[in-house]
Structures are given as structure tokens and as C-alpha cells.
Amino acid sequence: MIFRFLLCAITLSAGQYGPDKGNLVIVGGGAIGPEIWQRFIALAGGPDSPVVYIPAASETEPKDNAGDFLKRAGFTDVTVLHTRDKKVADTDDFVAPLKRAKAVWFGGGRQWRIVDSYEGTKTEREFQNVLNRGGVIGGTSAGATIQGSYLVRGSKTGNETMIAPGYERGFGYLRHAAIDQHLLKRNRENDLWQVITKHPDLLGIGLDEGTAIIVKQDRFEVLGVSKVAIYDAARKYKPDEKRHYFLQPGDAFDMLSRQRINPLSQR
């Protein structure tokens, strides 16, 4: 598993952290504000665009109304797609809703359950194909972390373990990156350094609740109500300075240069 991750890092195409096509909406958990939902819907192509909800991270099985939160957000064409069986996830019938989807939303819970359900299946390939068609992938909490190339908190024994052998590969929509969530709400501000110290080439991104990054290729902007922390092992720090720093809502960031840039509204 770790060798697959390292290969991903080595073969990273220059100038591409995010997807070549499409966009990502990565949310740090908690309440999701209308400004985030509105952006997700717009990137999907509007409220009538087909969206697929993936609740696999949850401990419980989805109820009949599991996708209603997406309808309340504004979508009219919602499909809930769920299995715990990789054999099912590897069938053409199961992936059929993804072939017409313009958007995918990964729910919260524990990210290892998403891995156990879909890694290496036709379903995982169809997630990527949504982006290849210019669609959008979004998710919150575990659904945020799974989007990075390195999977943090993947341990089955508890969500306090940052590095879990066998569960270190995320789905890699945001390449060369490790994503943490619930950052300030759960006092996780320093946790990502365990991963970045071991893998200093990675960009660490920690999102607080109610806060999202909207990713297009090498750049993202911050949307929501709180902060996003950046963890960069190559950055030079003063002795009395924290080793990570924060972006605020409205800020924009270039992942290739690892620097703040002017927001879109000012460019």
C-alpha cells in the first residue's frame, strides 16, 4: 500500500495538484453553510444536475431519506449509492448512476470504511471519471480526507491515529497532499506534523468545521466560517514562529508555489 502511495508522489505531473479537469469541494466537517452548497451546485452545473451521495464512511446503514440533505441544499436529482461489498462495487449495474453523474458527495464517518468498500473497484474508477468529464467531487469530514493522496486517520482502532499502515492511500483527487478535518474544533492543530515530518514532500491541509477549500488544478480558495491551516516542511520558520499558518475565508492559495495569492475577485 505504501509503495503505491510513493509511486503516486513520484509520478505527480508538474503543475497539477488538483484534478486535470473538474473541481473539488473539501469541507472540514460540522455545519455546512449555504455559500458552500451554492458553490458545489454551481460546479455541478446547476440544481438539476445528477448527484450521487456516498455514505460508506458512516457506521450505520443509510436510511431511505439519506440523500434528503442534498435535496434541501438545492439538488433535484439525487442518488444514494451504497455497499460494503467490493464485489458489488465492481459491477456494471452498481456503477451505472455514476456514469451519468455530474457530482459526487462523500459523507462523514470513518475514512477506512470508504477504502474497504471501494478501493480498486469499478466504483473508484467511476468516481475519477466524474472529474474527467469536468464534474465535481465534494465531501465533508472523512469525505474530505479521502480526497487526498495520503490518507490520515485511516486506522480502524481509532481516529486519533494519524498513520495507519495499510490505510495510507487516499483516492488522490488532490495529489501530493494530506487532508485533516475538524481542525480547531477538536484541537487537532498540531497533529498533521506527524505525517508531514515522515513525508516532507506532502502539502498538509487542515480544515476547521464549516470551512471548505474549492480546488481547481493548482489553486484553491477558502470558503466558510473558520480557518484552513497549511503545513509545509520546506517553509522556513523563525524560532518562535508556529510551523503552520492559517488562511481565512476569501483567501486563495497556489499549491505549486505554496504561497498565498490574490483571491479571484482581485485578479
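(1) among the small types (Gly, Ala, Ser); (2) surrounded by 15 or more Cβ atoms within 10 Å (Cβ to Cβ); (3) out of contact with any Ser or Thr (no Cβ under 6 Å at 6 or more places or on another chain): which one isn't true of ALA56, the others all being true?
That leaves (3) as the condition not met.
Considering only the stretch 74-94, state which residues are farther than 28 Å from ALA31 by Cβ and either without any contact (Cβ under 8 Å) to a residue 12 or more places away in the chain or crowded, with 21+ Cβ neighbours inside 10 Å (or both).
Result: LYS87, VAL88, ALA89, ASP93.
Select from the stretch 22-47 the residues that are part of a loop (DSSP other than H, G, I, E, B) and either touching a residue at least 12 places away in the same chain (Cβ under 8 Å) or buried (at least 22 other Cβ atoms within 10 Å of the Cβ) (or both) and list them in ascending order.
Within the stretch 22-47, GLY22, GLY28, GLY29, GLY30, ALA31, ILE32, GLY33, GLY45, PRO47 qualify.
Could you check how many residues of the stretch 219-245 are under 23 Å from THR140 (Cβ atoms), of a type outside the set (S, T, N, Q) and in contact with a Ser or Thr (Cβ under 9 Å, 6 or more places away or on another chain)? Even if it seems obvious, please write down each step before you answer.
Within the stretch 219-245, the first condition is being under 23 Å from THR140 (Cβ atoms), and the residues that meet it are 219-231, 244.
Next, from what is left, pick out any that are of a type outside the set (S, T, N, Q): 219-225, 227-231, 244.
Filter once more, so that each one left must be in contact with a Ser or Thr (Cβ under 9 Å, 6 or more places away or on another chain): 222-225, 227-228.
Going through the stretch 219-245 one residue at a time, the tally reaches 6.
Taking the stretch 73-98 only, how many residues are over 22 Å from GLY134 (Cα atoms) and in contact with a helix residue (DSSP H, G or I) (Cβ under 9 Å, 6 or more places away or on another chain)?
Residues flagged as over 22 Å from GLY134 (Cα atoms) and in contact with a helix residue (DSSP H, G or I) (Cβ under 9 Å, 6 or more places away or on another chain) within the stretch 73-98 amount to 9.
State which residue is surrounded by the most Cβ atoms within 10 Å (Cβ to Cβ) when the search covers only the stretch 149-195 and only residues that are touching a strand residue (DSSP E or B) at 6+ places or on another chain (Cβ under 7 Å), part of a loop (DSSP other than H, G, I, E, B) and of a type in the set (Asp, Glu).
The residue in question is GLU168.
Only one of (1) farther than 18 Å from ALA142 by Cα; (2) modelled with pLDDT of 95 or more fails for ILE214. Which number is that?
Failed condition: (1).
Could you check LEU256 against (1) without any contact (Cβ under 8 Å) to a residue 24 or more places away in the chain; (2) surrounded by fewer than 16 Cβ atoms within 10 Å (Cβ to Cβ); (3) among the hydrophobic types (A, V, I, L, M, F, W, C) and say which number it fails?
(1)
Applying the selection to the stretch 245-265, what residues are out of contact with any Leu (no Cβ under 8 Å at 6 or more places or on another chain), under 17 Å from LYS227 (Cβ atoms) and either in a strand (DSSP E or B) or of a type in the set (A, V, I, L, M, F, W, C) (or both)?
Answer for the stretch 245-265, where residues must be out of contact with any Leu (no Cβ under 8 Å at 6 or more places or on another chain), under 17 Å from LYS227 (Cβ atoms) and either in a strand (DSSP E or B) or of a type in the set (A, V, I, L, M, F, W, C) (or both): TYR245, PHE246, LEU247.
With ASP116, ASP68 as the choices, which residue is under 17 Å from GLY170 (Cβ atoms), at pLDDT 95 or above and surrounded by fewer than 18 Cβ atoms within 10 Å (Cβ to Cβ)?
On the way: ASP68 fails: under 17 Å from GLY170 (Cβ atoms).
After ruling out the rest, the residue left standing is ASP116.
Considering each of LEU223, LEU207 in turn, give the residue that is in contact (Cβ under 8 Å) with a residue 24 or more places away in the chain, over 25 Å from GLN194 (Cβ atoms), surrounded by 20 or more Cβ atoms within 10 Å (Cβ to Cβ) and of a type in the set (A, V, I, L, M, F, W, C).
One residue alone meets the criteria, LEU223.
Among GLY143, GLY134, which is in a loop (DSSP other than H, G, I, E, B), within 19 Å of the chain's Cα centre (by Cα) and touching a residue at least 60 places away in the same chain (Cβ under 8 Å)?
GLY134
Out of the strands (runs of 3 or more DSSP E) lying entirely within the stretch 48-118, which hold 2 or more residues that are aliphatic (A, V, I, L, M), within 28 Å of ASP180 (Cβ to Cβ) and out of contact with any Lys or Arg (no Cβ under 7 Å at 6 or more places or on another chain)?
51-54, 103-106
The values are calculated or read from the model by the stated rules, or taken from the named source; none is laboratory data. Worth saying up front: this structure is predicted, and the values here are computed from it rather than measured. Note that each Cβ is placed from the backbone with ideal geometry, even for glycine, and that neighbours are counted across all protein chains shown.
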